[in-house]
Amino acid sequence: MDVHGTVADGFEPVRDAFIRNFAERGERGAAVSVHQGGRPVVDLWAGTADPYGTEPWAEDTVQVLRSAGKGVAAAVPLMLHQRGQLDLDAPAGTYWPEFKAAGKERVLVRHLLNHRAGVPVLDSPLTPDEALDGVSGPAAVAAQAPVWEPGAAHGYHAQTFSWLLTELVRRVTGRSLGRWIAEEISGPLGLDLWIGLPQSRQHRAGRIADVEAPAPPAAAGLRVRPRQSVADAYRDPESLTRRAFTAIDPLPDENTTAYRAAELPASNGTGTARSLSRFYAALIGTVPGARRPLFVPATLTMARTEESAGPDRVLVVPTRFGLGHMLHGPACPLLGSGSFGHPGRGGSLGFADPESGLAFGYVTNGLQRSVTADPRAQALIRALRGCASR
């Protein structure tokens, strides 16, 4: 396997784990990046841009991030709050009057971020064309009745998170969420990171596919106690799990120009591992070319303060969320107890760890059957943890 890029002294174990992902864990094409103190210490890419082809993964290949884009999108309302433009404890209907319908008058802005709003499903799922049109999604979640008392429980808003955030940001700023990120974050920081991939960048996008991971070696005499998993729950068409992930039905083709160009922050953020890592580095510290971190200390504290924890009504396992970001825990192991970020279903992951000053980005085109703790990403994190502890 030809691995391209650079690794700073002391971070060679991350490169070794990256290589093993191709040899042992079914990796097809991927990139990983790590920043420390705002500067890159790992920047690697390998494999092919098409998981079933021969076109090499290039230094500037961008990839659909799936839910890892949620962590990028979540920074926007936090920065708006930081600037005094958004009250997290105000009813969401203060900014979006139509959202007060069907018993959602008491849904707070923070509930849209911490997965407590109670609208992870749509009684009438959207078609792919409706999901991409920028109008039908916000209208559908505004009309949807909550499936639990808002604020009383939490459950992953797998698809509806897109329209909750895009419409909130549009009502507050007059700009789309994708445009806000481009103008206020990606442009100033020089990031290849978008919610809504521009036409001029479409040629750089790698293709993605669901692939089977190699089975781990069987352990002699190992007995596993059965328990319900998100995959089990997904097989039940009446479950909140199935209904949440199929709020768009059928799911759009993720390899089309139209899909990548739409603004669906819950599922179609696009970028490089390098830019995902630099983004998280910029949240917690100063990066070259920027005068200050994106988050002031109070906002950084809010971003990684636990808002929701325990059994997740959609993912069925215990999860931990702050204000839009997932927090370190059994369902989403990150670097340490203070880490915050977001995984993408099938592999991709971005996060920051303020205690160590490390930021991490990993993207892949071979999407495997993982939701929050992909084995390839976890192998890279274990290697990084060892580097950080030296």
Discussion item. Tell me whether region 255-277 contains one or more residues that are over 26 Å from L358 (Cβ atoms), in a loop (DSSP other than H, G, I, E, B) and of a type in the set (D, E).
Written reply: yes
Worksheet item: Name the residues in region 128-170 that are under 17 Å from E105 (Cα atoms) and among the charged types (D, E, K, R), would you?
Response: E149, E167
Item to complete: Go through the residues of region 71-82 one by one and say whether even a single one is of a type in the set (V, I, T) and more than 23 Å from G196 (Cβ to Cβ).
Response: no
Worksheet entry | Criterion (in contact with a helix residue (DSSP H, G or I) (Cβ under 8 Å, 6 or more places away or on another chain), in contact (Cβ under 8 Å) with a residue 12 or more places away in the chain, assigned to a helix (DSSP H, G or I) and more than 30 Å from D253 (Cβ to Cβ)) met by exactly one of L78, L88 | L78
Worksheet item: Where residues in region 121-141 are of a type in the set (V, I, T) and in contact with a helix residue (DSSP H, G or I) (Cβ under 9 Å, 6 or more places away or on another chain), which of them is nearest to F245 (Cα to Cα)?
Response: V121
Worksheet, complete the sentence: T6 fails exactly one of (1) surrounded by fewer than 19 Cβ atoms within 10 Å (Cβ to Cβ); (2) under 20 Å from the mean Cα position of the chain (by Cα); (3) β-branched (V, I, T), namely (2)
Worksheet item: Identify, please: which residue in region 9-60 is surrounded by fewer than 18 Cβ atoms within 10 Å (Cβ to Cβ) and hydroxyl-bearing (S, T, Y) and is, among those, nearest to P288 (Cα to Cα)?
Response: T54
Worksheet entry | Test result for S389, in contact with a strand residue (DSSP E or B) (Cβ under 7 Å, 6 or more places away or on another chain) and of a type in the set (G, A, S) | no
Worksheet item: How about region 1-73: which strands (runs of 3 or more DSSP E) wholly inside it have at least 1 residues that are within 15 Å of N365 (Cα to Cα), touching a helix residue (DSSP H, G or I) at 6+ places or on another chain (Cβ under 7 Å) and in contact (Cβ under 8 Å) with a residue 24 or more places away in the chain?
Response: 29-36, 39-47
Discussion item. Looking only at region 162-176, how many residues end up being touching a residue at least 40 places away in the same chain (Cβ under 8 Å) and buried (at least 24 other Cβ atoms within 10 Å of the Cβ)?
Written reply: 6
Discussion item. Condition first: closer than 26 Å to P297 by Cα and either more than 11 Å from the chain's Cα centre (by Cα) or charged (D, E, K, R) (or both). Now tell me which residues in region 341-361 satisfy that.
Written reply: A352, D353, P354, E355, S356, G357, L358, A359, F360
Fill in: Positions within region 86-116 being over 12 Å from L165 (Cα atoms) and in contact with a Ser or Thr (Cβ under 7 Å, 6 or more places away or on another chain), in sequence order
R116
Item to complete: For G361, indicate whether it is buried (at least 21 other Cβ atoms within 10 Å of the Cβ), in contact with a strand residue (DSSP E or B) (Cβ under 9 Å, 6 or more places away or on another chain) and closer than 25 Å to A233 by Cα.
Response: no
Practice prompt. For region 187-208, name all the residues that are surrounded by fewer than 24 Cβ atoms within 10 Å (Cβ to Cβ) and touching a Gly at 6+ places or on another chain (Cβ under 6 Å).
Written response: D192, G196
Response to the item:
From the option list L334, L349, single residue qualifying as surrounded by 23 or more Cβ atoms within 10 Å (Cβ to Cβ), without any contact (Cβ under 8 Å) to a residue 60 or more places away in the chain and closer than 17 Å to F279 by Cα is L334
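Every number in this text was worked out from the coordinates using simple rules, so none of it is lab data. Owing to the predicted nature of the structure, the values given are computational and were not obtained by experimental measurement. Neighbour counts run over all protein chains shown; Cβ positions are idealised from the backbone, glycine included.
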